[in-house]
Amino acid sequence: MRRMAVIDLAARAVEACDVPEDLRRRFLGGRGINTHLLFHAVNEWTDPLGPDNVLFLGAGLLTGLPWVGGTRCNFTAKSPETGHLGDSAAGGHFAAELRFAGFDHLVLKGRAGRPVYLWIHDGEIEFRDAAHLEPLNSAETQNAIKAELGDVKVQVAAIGPAGRRLVRWACIMHGVGDAWGRTGMGAVMGSKNLWAIAVRGNGAIPVADPARMMQVTEAHFAQITGTKGFLATSNYGTLIRLNNTRTQGYEGGFNHQQNMTELSAELDSDVFLDRYESGKASCFNCPTHCRHQHEVTLRDGTVKRGGGPEYYGAGGWGSQCGCSDWPTILEAWDYCNEMGLDTGSATAYTAWLMELYEKGIITEADTDGLPLKWGDHDAILGVLRQTVERRGIGALVADGWMSAARRIGRDAHRFFDHVKGLSIECDDVRGHRAQVLGLATASRGADHLRSRFTLEEFSLPEKVTEKLVGVPIPADALSYTNKEHACIWTENVCALADSLGTCKFLTKWLSVGLLGVGEFRDAIEAATGMRFSVEELLRAGDRITNMERLFLAREGMSRKDDAPPEKFYQPWTHGPRAGTRVEPEPFEALLDRYYATRGWDRQGIPTGETLRALGLEKEGAFLADRRDVHFVWNAAPAEGIGTHAAAQG
Ligand code: SF4
């Protein structure tokens, strides 16, 4: 039986209940169930850092099973960074242990009167004082809790100093390298005075058909390890993208001002593997073991060991911030993990500030005397330290880029590359039409993990993509034809993976030979006894995407927010694909087709018919008398971004 605990942090009270089967069937688990519950728990006026925001922790439906790579869980709440849908997934071993401890979902309400951590073990939930953890970083916090509980096998999700100080892009950390990174879930946890969640359990997760489960697991294990790209994924992990983006000319250099840079050849994943990689780690039950471990000697002679990096950090402080010095990249990466800063936002904010400095929009008078020169070690580490310590330019960006842009003025917001308030990744996908569409429509803001049609980069024959997506997708990345179908297929598959707890590196999101919806169906049936057809599962992905769209619509978002960053309309300047840009007319036509195929109106709002077909008419009822409320990116007050402004009339 799957259990949910509703935890009132203010009252130190816990109520446990079963997760209704109907909810599991419609939203599966993880991201799906979290989003549904969040929609009903908050509204458009909820302050993301106020006690009324609710933080949901949800393990995937298949997480913790003997199956291959069911590793993940999601934290979901209203985001203090973007002001709307906040959600972040991570792997590692935490989520499996949560299920062994007897719970699949936690609902974290209210605000504790003083700092606490939760100790969840074998069906019990205890509140423990956490004030003594105040001097510790995120890794030290986890180790201190393990020592306190006398069990090194306890798995911990903890915030660091950034989350405790309510930096709006703070993350939640697990181990030294797993992060619930995006959308500021660490700040939400900090705002609740909840500093960590520790889990340990000896319970078994019931499996409906154990023999079939083992059959399915063996088949999927062979499928994953038998793909041509398995060894490359296993060796390089996400760092493989560092080389791909450099050689193919979409590395997003200098805050996306250059699609190709002339940075040193040091910025290469093989250089990292040869000189800095000290080992590999794996998430729970995953054969791919793609997680890098590193050892690096810093400038002051300190030898540091850590987990990672991922492409986000290597490309982010690399080409995006103009740095090809691995020790600097690794020092910044480790600092973020220790402090609990999201590396995705950290790299984007640093690159943005460097461009503002280059253009004279900010000066050393704004940065506590720190020159923000591209690629400079002291500039990169200085921005991060100032943020955690809330001083200098960090005092501004700790409250989010929009708040900082308002206070800086001089059109500073125009140089921050984002979708729906969330920074884009370091790479620059304006030459991949399905990916641009996915970036623009992604629910939590710019996102490669919910909507990137990765297969677009492999120029696959149309007969291959037709078999997968249902319609032929042109091999030419620059073509706009049928890309709406590629985007919708990706969004639905990603919604499924996030709700099942599956890592996308094990799915057709990455490679056609990996696990797809048919394999998900087989694993679900063996594990839970719930029967789905492939079409029903894809509809569940569709339902989750529509649930998120309703959340955004209630926040006042619509077509105007489904747009790529402004820079994407400018042409690439370097290499054989110079001149490539997003062309407004074909892109808008593509967006029209995407809406029509999804069953949304021309403003990107689900129609009544679509909602009825998905069983979401109750959630969509507000659309009938939708208030004229606009989500404002450029006029948020200094104390927060993404704030609603009620329009006249
Ligand atoms: S592929 Fe890598 S990130 Fe994904 S579950 Fe396996 S080890 Fe973790």
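The values are calculated or read from the model by the stated rules, or taken from the named source; none is laboratory data. Note that the structure is predicted; figures quoted are calculated from it, not measured. Methodologically, a virtual Cβ is constructed for each residue, glycine included, from the backbone with ideal geometry; neighbour enumeration extends over all protein chains shown.
Residue-by-condition table, conditions (1) without any contact (Cβ under 8 Å) to a residue 12 or more places away in the chain; (2) assigned to a loop (DSSP other than H, G, I, E, B); (3) of a type in the set (K, R); (4) buried (at least 19 other Cβ atoms within 10 Å of the Cβ):
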residue: A523; (1), (2), (3), (4): no, no, no, yes
residue: E535; (1), (2), (3), (4): yes, no, no, no
residue: I544; (1), (2), (3), (4): no, no, no, yes
residue: E548; (1), (2), (3), (4): no, no, no, yes
residue: A553; (1), (2), (3), (4): no, no, no, yes
residue: K560; (1), (2), (3), (4): yes, no, yes, no
residue: P564; (1), (2), (3), (4): no, yes, no, yes
residue: H574; (1), (2), (3), (4): no, yes, no, no
Checklist line | Flag for A379 being of a type in the set (G, A, S), modelled with pLDDT of 95 or more, part of a helix (DSSP H, G or I) and crowded, with 19+ Cβ neighbours inside 10 Å | finding: yes
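Would you point out the residue of the stretch 271-294, among those that are charged (D, E, K, R) and either more than 26 Å from the chain's Cα centre (by Cα) or within 11 Å of the ligand (Cβ to nearest atom) (or both), that is surrounded by the fewest Cβ atoms within 10 Å (Cβ to Cβ)? If you could, list the steps in order and put the result at the bottom.
Here is the first cut: in the stretch 271-294, the ones charged (D, E, K, R) are 274-275, 277, 280, 291.
Restricting the remaining residues to those that are either more than 26 Å from the chain's Cα centre (by Cα) or within 11 Å of the ligand (Cβ to nearest atom) (or both) gives 274-275, 280, 291.
Working: D274: 9, R275: 13, K280: 14, R291: 21.
Per the stated criteria, the residue is D274.
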Item checked: Selection within the stretch 494-508 - without any contact (Cβ under 8 Å) to a residue 60 or more places away in the chain and either among the basic types (K, R) or surrounded by fewer than 24 Cβ atoms within 10 Å (Cβ to Cβ) (or both) -> K504, T507, K508
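Going residue by residue through the stretch 19-26, is there one that turns out to be assigned to a loop (DSSP other than H, G, I, E, B) and either in contact (Cβ under 8 Å) with a residue 24 or more places away in the chain or touching a strand residue (DSSP E or B) at 6+ places or on another chain (Cβ under 7 Å) (or both)? I'd like the intermediate steps shown before the answer.
If we filter the stretch 19-26 for residues that are assigned to a loop (DSSP other than H, G, I, E, B), which is where we start, we get 19-20.
Okay, now just the ones that are also either in contact (Cβ under 8 Å) with a residue 24 or more places away in the chain or touching a strand residue (DSSP E or B) at 6+ places or on another chain (Cβ under 7 Å) (or both), so 19.
Scanning the stretch 19-26, I find at least one residue that is assigned to a loop (DSSP other than H, G, I, E, B) and either in contact (Cβ under 8 Å) with a residue 24 or more places away in the chain or touching a strand residue (DSSP E or B) at 6+ places or on another chain (Cβ under 7 Å) (or both), so the answer is yes.
Output the residues belonging to the stretch 101-115 that are among the charged types (D, E, K, R) and surrounded by fewer than 23 Cβ atoms within 10 Å (Cβ to Cβ).
From the stretch 101-115, those among the charged types (D, E, K, R) are 104, 109, 111, 114; that's our starting set.
Matches in the stretch 101-115: K109, R111, R114.
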Next item on the list: Output the helices (runs of 4 or more DSSP H) that fall wholly within the stretch 400-506 and possess 1 or more residues being in the same structural domain as R581 (by TED's automatic domain parsing) and in contact with a Leu (Cβ under 8 Å, 6 or more places away or on another chain), or say none.
Entry: 433-441, 462-469, 483-500
Margin query: Can you say whether T607 is within 11 Å of N546 (Cβ to Cβ) and at pLDDT 95 or above, as far as the supplied structure shows?
Written below: yes
Check: over 23 Å from the mean Cα position of the chain (by Cα) and on the phi > 0 side of the Ramachandran plot - does that describe any residue in the stretch 516-524?
Finding: no
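I'd like to check which strands (runs of 3 or more DSSP E) are fully inside the stretch 92-178 and have at least 3 residues that are more than 16 Å from the ligand (Cβ to nearest atom), under 21 Å from the mean Cα position of the chain (by Cα) and more than 28 Å from V383 (Cα to Cα).
Numbers: elements: 105-109, 116-121, 124-129, 155-158, 172-174.
Counting at least 3 such residues, we get 105-109.
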Note to self: So for the stretch 109-125 (the condition being in contact with a Cys (Cβ under 7 Å, 6 or more places away or on another chain) and either without any contact (Cβ under 8 Å) to a residue 60 or more places away in the chain or not assigned by TED's automatic domain parsing to the domain that holds Q223 (or both)), does at least one residue qualify?
What the structure shows: no
Notebook entry, point to check: Hey, does the stretch 369-376 have a residue that's at negative phi and either at pLDDT below 95 or in contact with a Lys or Arg (Cβ under 9 Å, 6 or more places away or on another chain) (or both)?
Noted result: no
